[in-house]
Amino acid sequence: ALMYDRAIQINGKAPESWNGLGRALVGKTTDRFDPTKPLVSLGDNQDLKKAIWAFKQADALKKNDLEVLDSLGSALLLSGRLPEAFKVYNNIVQHYPPVPNGRIGLGNYYMAKGDRLAAIAEYEKALVVEPNYLPALNNLGIAYFLSDQHGKARNVLLKSTSISAEQPGTWYWLGMAQTKLREKEQAIASLKRGLEIEPRMFGAWLALADY
């Protein structure tokens with residue numbers, strides 16, 4: 001963050017510096033939006049507040065830039081400022097219909113609101129745009145699972161692991177879906193694969209203990 005602060009002092013008209021500062025500050029919070037958990041607002045986090053301000057400065061200098069809007073939407077969502085995040089993601093959809101970012105952001109917004117069916121619809125729209133986009137596949141699989149659509153969850157997450165086999169969270173949710181479908185051997189294999197990648201995944205250990 002200090003590097004970007006210095007760059008801004010030298011030239012405050014460079015949107016890249018403001019965006020870089022915002023991203024560095026968000027990174028300091030060590031938190032990320034988790035669609036599986038109720039939203040815990042970080043609205044009082046000073047780094048996050050400053051990050052949102054920095055992203056807005058970048059947006060003022062370079063209006064409707066995709067990277068800036070995406071970063072701003074994520075920070076607003078993380079801070080619990082849901083109506084503002086919704087507007088930003090809608091803006092992305094309007095200005096960048098050929099990319100999935102806006103739809104994924106809207107899906108995350110609806111997950112934060114507890115509307116899983118609306119979230120599923122947005123993630124599915126993201127995959128129409130880019131069928132193999134991992135964030136959309138993973139979030140859709142989780143949303144299916146949490147909506148008790150376990151067969152659909154398994155199929156989507158299997159596709160995700162076929163594209164990238166190095167995502168421990170994807171293997172975990174695949175294992176959980178297979179558990180619900182009583183596919184015992186497959187579930188155990190998926191959970192173990194996730195733990196090979198990330199041994200500290202406590203939920204996977206708990207799930208295996210039930211076997």
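Of the listed peptides 78-85, 114-121, 198-205, 98-105, what is their order by residue-averaged count of other C-beta atoms within 10 Å, with the highest listed first?
Working: 78-85: 18.4, 114-121: 16.8, 198-205: 13.6, 98-105: 21.9.
Output ranking for 78-85, 114-121, 198-205, 98-105: 98-105, 78-85, 114-121, 198-205.
Does anyone have the angle between helix 82-95 and the longest principal axis of the chain? Alpha-carbon axes, 0 to 90°, nearest 10?
90 degrees
Pairs K152/K180; K62/K87; K13/K50: which are spaced more than 21 Å apart, C-alpha to C-alpha? All intermediate terms of the calculation are to be shown ahead of the outcome.
Values: K152/K180 12 Å; K62/K87 17 Å; K13/K50 17 Å.
Violating the 21 Å Cα-Cα cut-off are zero pairs.
I'd like to compare 51-57, 159-165: which one has the highest average count of other Cβ atoms within 10 Å, and what's the full order after that?
Working: 51-57: 22.9, 159-165: 15.6.
Ranking the peptides 51-57, 159-165 by packing returns 51-57, 159-165.
Using 0.36 nm times the number of residues separating L206 and E166, minus their current alpha carbon distance, what extension gain do you get? Present the calculation step by step, with values, prior to reporting the outcome.
Values: separation 40, 0.36 × 40 = 14.40 nm, distance 2.07 nm.
My answer for the length gained is 12.3 nm.
Solvent-accessible area per residue for the chain at a 1.4 Å probe radius, Å²? Walk me through the numbers on the way to the answer.
Details: 11080 Å² over 211 residues.
That works out to 52 Å² per residue.
The values are calculated or read from the model by the stated rules, or taken from the named source; none is laboratory data. Predicted model, so just to flag it, every value in this text is computed and none were measured. So basically every Cβ, Gly included, is an ideal-geometry build from the backbone, and we count neighbours across all protein chains shown. Accessible surface areas use protein heavy atoms only, side chains included; no ligands, DNA or RNA. Shrake-Rupley method; radii C 1.70, N 1.55, O 1.52, S 1.80 Å.
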